Amino acid sequence: MNHPENWLAIRPEGLYCIPGDFFIDPLRPVPRAIITHAHSDHARPGHGAVLATAETLALMRVRMGAGLAATSLQPIAPGETLTMNSVKIAIQPAGHVLGSAQIAMEFEASRAVVSGDYKRAADPTCAPFVPIPCDVFVTEATFGLPVFTHPPALLEVAKLLQNLALFPERTHLIGCYALGKTQRVIALLRELGYDKPIYLHGALIPVCEAYTRLGIDLGTLLPATGASQAELAGAIVMAPPSALADRWSRRLADPVSALASGWMRVRQRAKARGIELPLIISDHADWPELLQTIHDVGAPEIWVTHGAEEALIHEAAKRGYRGRALRLIGYGEAAEEEAA
Ligand SMILES: [Zn+2]
Ligand SMILES: [Zn+2]
């Protein structure tokens, strides 16, 4: 077998497959890219050609529009395989957001899997993570510390509904990242039987519409802009986290501000942002899920792209796995941090 360290390289543009001549989630424009999912730190504009799931391509179109003009787009679905030069490529769902995929590459009898961002917890808005046996597993470690254990998301959303029952006259303003978190929280609210209209900040509307077009039912959604204060009293309003503290939210009557993020596990973060109702809901694997996944894929070697790599590599070593920190700069930046 030809070990992946001989044919996967870290270049300034990102992770590069040498015999395949393509990058995965490159940080700068490249001729050929495979994109794991549509979050802005992974899917950047300006590539010559992009291979991704149909859902990821659709979401990239929504977010980038003209930024994709010169890019040739090729869809790939789970279960399909194709060969780029001499590298066999296949994908499986990553369970992170709609369309998110892990990329499996096979070359000279060895297989490396790049998981992108992923989680193992159930999510009604995307297909669940499928472990792919491999020789090298490339993982994130956003929540790679033992303190990070995410409670079931459904319980967190139930907390929101309990709070709404306690304060039926107050607007409940939920800070959620636009791609993935917003739609997951809405879908969980629907799962718990909340069937009233949910109001959206304008920044969240295009991605919600795209999810609906792609077959994810989110129920009745209305724009918050233009709705009266009286109409929004006792309603659920979703907005990007940045809008919680800005002028936009000041027109709401006595709002309860909530934020859905894995970082809400850290009380100080919620306090510092003035969050009254922290909701620990993450689209990234928590510490037990990271370790479970390393076990499930059975790779003797783990490469960590970003996050708390030291702790994860240390723990993996104790369990007999070789670890390597790739220290890819540019993932998990500010915007994505809110997505976590
Ligand atoms: Zn992501
Ligand atoms: Zn990311």
Is there any pair with a first residue in the range 97-123 that is touching a residue at least 40 places away in the same chain (Cβ under 8 Å) and aromatic (Phe, Trp, Tyr) and a second that is part of a loop (DSSP other than H, G, I, E, B) and away from ligand 2 (no atom under 16 Å from the Cβ) whose Cβ atoms are under 8 Å apart and which are 6 or more apart or on different chains, and what are they?
Phe107/Asn2; Phe107/Trp7; Phe107/Pro19; Phe107/Gly20; Phe107/Ser86
Which pairs do you get when a residue that is within 17 Å of Gly180 (Cα to Cα) and within 16 Å of ligand 1 (Cβ to nearest atom), found in the range 141-157, comes within reach of a residue that is of a type in the set (Gly, Ala, Ser) and part of a loop (DSSP other than H, G, I, E, B), reach meaning Cβ atoms under 6 angstrom, with the pair 6+ apart or on two chains?
Thr142/Gly332; Thr142/Ala340; His150/Ser282
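Filter the range 240-268 down to the residues that are part of a helix (DSSP H, G or I) and either surrounded by 15 or more Cβ atoms within 10 Å (Cβ to Cβ) or in contact (Cβ under 8 Å) with a residue 60 or more places away in the chain (or both) and list them by number.
From the range 240-268, those part of a helix (DSSP H, G or I) are 241-243, 247-251, 262-265, 267-268; that's our starting set.
Pro241, Ser242, Ala243, Trp248, Ser249, Gly262, Trp263, Met264, Arg265, listed by residue number.
Anything in the range 319-329 that is more than 20 Å from the chain's Cα centre (by Cα) and not small (Gly, Ala, Ser)? List them, or say none. Before the answer, list the steps.
The first filter runs over the range 319-329 and keeps only residues more than 20 Å from the chain's Cα centre (by Cα), leaving 319-325.
Once the filter is applied, which keeps residues that are more than 20 Å from the chain's Cα centre (by Cα) and not small (Gly, Ala, Ser), the range 319-329 yields Arg319, Tyr321, Arg322, Arg324.
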Apart from one, (1) part of a strand (DSSP E or B); (2) surrounded by 19 or more Cβ atoms within 10 Å (Cβ to Cβ) all hold for Asp123; the odd one out is (1)
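Within the range 102-111, is there a residue that is assigned to a loop (DSSP other than H, G, I, E, B), aromatic (Phe, Trp, Tyr) and modelled with pLDDT of 95 or more?
Looking only at the range 102-111, we keep the residues that are assigned to a loop (DSSP other than H, G, I, E, B), and these are 108-109.
Filter again for aromatic (Phe, Trp, Tyr), leaving none.
Within the range 102-111 (the criterion being assigned to a loop (DSSP other than H, G, I, E, B), aromatic (Phe, Trp, Tyr) and modelled with pLDDT of 95 or more), the answer is no, since none of the residues qualifies.
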Under the condition of being more than 16 Å from ligand 1 (Cβ to nearest atom) and part of a loop (DSSP other than H, G, I, E, B), which residue from the range 309-340 is modelled with the lowest pLDDT?
Arg327
Across the range 59-71, which residue is farthest from the chain's Cα centre (by Cα) among those that are touching a residue at least 24 places away in the same chain (Cβ under 8 Å) and within 16 Å of ligand 1 (Cβ to nearest atom)?
Val62
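Specify which of the listed residues (Gln183, Gln162) is modelled with pLDDT of 95 or more, within 12 Å of the chain's Cα centre (by Cα) and in a helix (DSSP H, G or I). Lay out the reasoning, then the answer.
Details: Gln162 fails: within 12 Å of the chain's Cα centre (by Cα).
Every option except Gln183 fails the conditions.
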So in the range 270-318, with the set limited to residues that are within 20 Å of the chain's Cα centre (by Cα) and closer than 23 Å to Phe167 by Cβ, which one is surrounded by the most Cβ atoms within 10 Å (Cβ to Cβ)?
Ile281
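Give the range 7-48 a look and list any residue that's free of Cβ contacts under 8 Å to residues at least 40 places away in the same chain, more than 16 Å from ligand 1 (Cβ to nearest atom) and touching a strand residue (DSSP E or B) at 6+ places or on another chain (Cβ under 9 Å), or say none.
Kept after step one, since they are free of Cβ contacts under 8 Å to residues at least 40 places away in the same chain, are these residues of the range 7-48: 9, 11-13, 16, 18, 23, 26, 28-31, 33, 35, 43-48.
Checking which are more than 16 Å from ligand 1 (Cβ to nearest atom) leaves us with 9, 11-13, 16, 18, 23, 28-31, 45-48.
Passing the criteria: Ala9, Arg11, Glu13, Tyr16, Ile18, Phe23, Arg28, Val30, Pro31, His47, Gly48.
Okay, residues lined up against (1) exposed (fewer than 15 other Cβ atoms within 10 Å of the Cβ); (2) within 16 Å of ligand 2 (Cβ to nearest atom); (3) at negative phi:
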{"residue": "His47", "(1), (2), (3)": "no, no, yes"}
{"residue": "Thr71", "(1), (2), (3)": "no, no, yes"}
{"residue": "Gly79", "(1), (2), (3)": "yes, no, no"}
{"residue": "Val97", "(1), (2), (3)": "no, yes, yes"}
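Quick test for you: out of Gly215, Gly226, Gly219, pick the one residue that is at positive phi and under 19 Å from the mean Cα position of the chain (by Cα). Reasoning before the result, please.
Details: Gly226 fails: under 19 Å from the mean Cα position of the chain (by Cα); Gly219 fails: under 19 Å from the mean Cα position of the chain (by Cα).
Criteria check complete, one pass: Gly215.
Residue by residue, here is whether (1) part of a loop (DSSP other than H, G, I, E, B); (2) touching a residue at least 24 places away in the same chain (Cβ under 8 Å) holds:
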position: Leu188; (1), (2): no, yes
position: Asp195; (1), (2): yes, yes
position: Ile205; (1), (2): no, no
position: Thr212; (1), (2): no, no
position: Gly219; (1), (2): yes, yes
position: Leu222; (1), (2): no, yes
position: Gly226; (1), (2): yes, no
position: Ala230; (1), (2): no, no
position: Met238; (1), (2): no, yes
Restricting to the range 142-159, name every residue that is part of a helix (DSSP H, G or I), touching a strand residue (DSSP E or B) at 6+ places or on another chain (Cβ under 8 Å) and surrounded by 18 or more Cβ atoms within 10 Å (Cβ to Cβ).
Glu156, Val157
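The values are calculated or read from the model by the stated rules, or taken from the named source; none is laboratory data. Just so it is clear, the model here is predicted, and its values are computed rather than measured. A quick note on method: Cβ atoms are made from the backbone with ideal geometry, for glycine too, and the neighbour counts reach across all protein chains shown.
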